[in-house]
Amino acid sequence: MWRSMAAVVSVMLVVGLAATLAGCGTDVTGTYLAASDDPEFETAELVVNDDNTFELSAEIVGTEETVTFTGSWSLDGDVVTLEAEGLNETETGTVVENEGTRLVFDEVTWVKQ
């Protein structure tokens, strides 16, 4: 009897722990602006959607033309990967969550709005 009850309690604890850990994930979805002194990023905006897609848009310097890239993103721990459609381009960065959420890549840091 005690073994059966102990087994049930153990299963309940494991299920509860799994549910708690699943709810603790980092939420990177939202709109980000570039934090960069580079004029190319001055008007850049990155929108990370909850369906694992993203859209990056920016005005081309010296013109009024806007360029837009779309693609998919994934998150593994604190590593975020953006894969642009049709460009064979993948960028990997780190999620930093002190004083707001930031996505830090080699060339630019994106700040969640």
* Nearest-20 debye value, the range 27-112 charge dipole, Cβ charges on Lys, Arg, Asp, Glu -> 180
* Structure fact -> Given 94-107, 28-41, the highest-first ranking by average Cβ count within 10 Å works out to 28-41, 94-107
* How far, in nm, would the chain grow between Asp50 and Thr66 when pulled straight, counting 0.36 nm per residue and subtracting the alpha carbon separation? -> 3.4 nm
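Rounded, prolate or oblate for the range 27-112? Axes are the square roots of the Cα gyration tensor eigenvalues, ordered a ≥ b ≥ c, and the cut-off for rounded is a/c under 1.5.
Oblate shape, in that a/c is at least 1.5 and b/c is the bigger or equal ratio.
None of the figures in this text is laboratory data; all of them are computed from the coordinates on show. A quick note: this is a predicted structure, and the numbers were derived from the prediction, not measured. Cβ coordinates were reconstructed from backbone atoms using ideal geometry, including for glycine residues, and neighbour counts include every protein chain displayed.
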